[in-house]
Amino acid sequence: MNSVLLGFLSGIPLMIAIGPIGLLLVETGVSHGTRGLPAAAGVASADLVLATGSVVGGAGLAVALRPIEGALRLAGAAVLVWLAVGLALKALKEQPVRAQGPAARDSGVRTISRFFGLTMANPASILAFVSLVLAGGVSGVSIGWPIGILIASVMVHSAFVLVGAGVGSRLDERGVKAIRLLGAGAVLLLALRFALSPA
């Protein structure tokens, strides 16, 4: 139980830092309201996989990842640029504030799968757990630690969607586009940060 609590307490600040996935969750809430909540489950599932890999891999994972840390950062920057371009293009398309087309009717499983994949490919998520491993921050913890991370992830990422839903319900189409363009700019800044970070 102590390990679960440790995972929860260490997971809250880890998840609350707004990265590209957090911005995408807010945008999902803006576009789809509370129908976007399955996205948080997809992110939390990926966080569980990454946290479990960190615990199981331990020191061996740290040794294996250290030589390619710089390459991971550059690849991560490229992924972030791709996400930013997607957000910007979505902002420039003509569409209602709350989408009513096929995207709005996506099944929960499809939304979960999409955000699971995005999180597993997200450099900010990967490097957060890699950094914990490299710093020895998960040494000696039990498998309960990832469960605590999962609980923290569900809470924080659901809150991002709900914040987006609340904001989106008060904005017109122009305001939603502005939010998306700001999000795209923020993700581009994150890409620059990853690209320029020392290996």
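The values are calculated or read from the model by the stated rules, or taken from the named source; none is laboratory data. These numbers come from a predicted model, not from an experiment. Don't worry about glycine lacking a Cβ; one is built from the backbone with ideal geometry, like all the others, and counts go over all protein chains shown. Heavy atoms of the whole protein, side chains included, go into the accessibility calculation; ligands, DNA and RNA do not. Shrake-Rupley method; radii C 1.70, N 1.55, O 1.52, S 1.80 Å.
Quick notes on this one:
- Among the residues of the range 70-110, those identified as open to solvent by 30 Å² or more (accessible area, probe 1.4 Å), in a helix (DSSP H, G or I) and at pLDDT below 70 are 102, 103, 105.
- If you go through the range 170-199 and keep only what is farther than 25 Å from residue 44 by Cα and either open to solvent by less than 10 Å² (accessible area, probe 1.4 Å) or not in a helix (DSSP H, G or I) (or both), you end up with 170, 171, 172, 176, 197, 198, 199.
- Restricting attention to the range 27-52, the residues being within 13 Å of the chain's Cα centre (by Cα) and at pLDDT below 90 number 3.
- The single condition among (1) more than 30 Å from residue 168 (Cα to Cα); (2) surrounded by 14 or more Cβ atoms within 10 Å (Cβ to Cβ) that residue 56 does not satisfy is (2).
- Selection status of residue 138, closer than 23 Å to residue 76 by Cα and modelled with pLDDT of 75 or more: no
- Residue 113 vs. criteria modelled with pLDDT of 60 or more, open to solvent by less than 40 Å² (accessible area, probe 1.4 Å), hydroxyl-bearing (Ser, Thr, Tyr) and in a helix (DSSP H, G or I): no
- Condition check for residue 161: in contact with a Pro (Cβ under 6 Å, 6 or more places away or on another chain) and buried (at least 21 other Cβ atoms within 10 Å of the Cβ): no
- Residue pairs whose Cβ atoms lie under 6 Å apart, sitting 6 or more positions apart in sequence or on different chains, and linking a residue in the range 86-113 that is farther than 23 Å from residue 172 by Cβ to a partner that is at pLDDT 50 or above and in a helix (DSSP H, G or I), are 108/38; 111/38; 111/39; 112/38; 112/41; 112/42.
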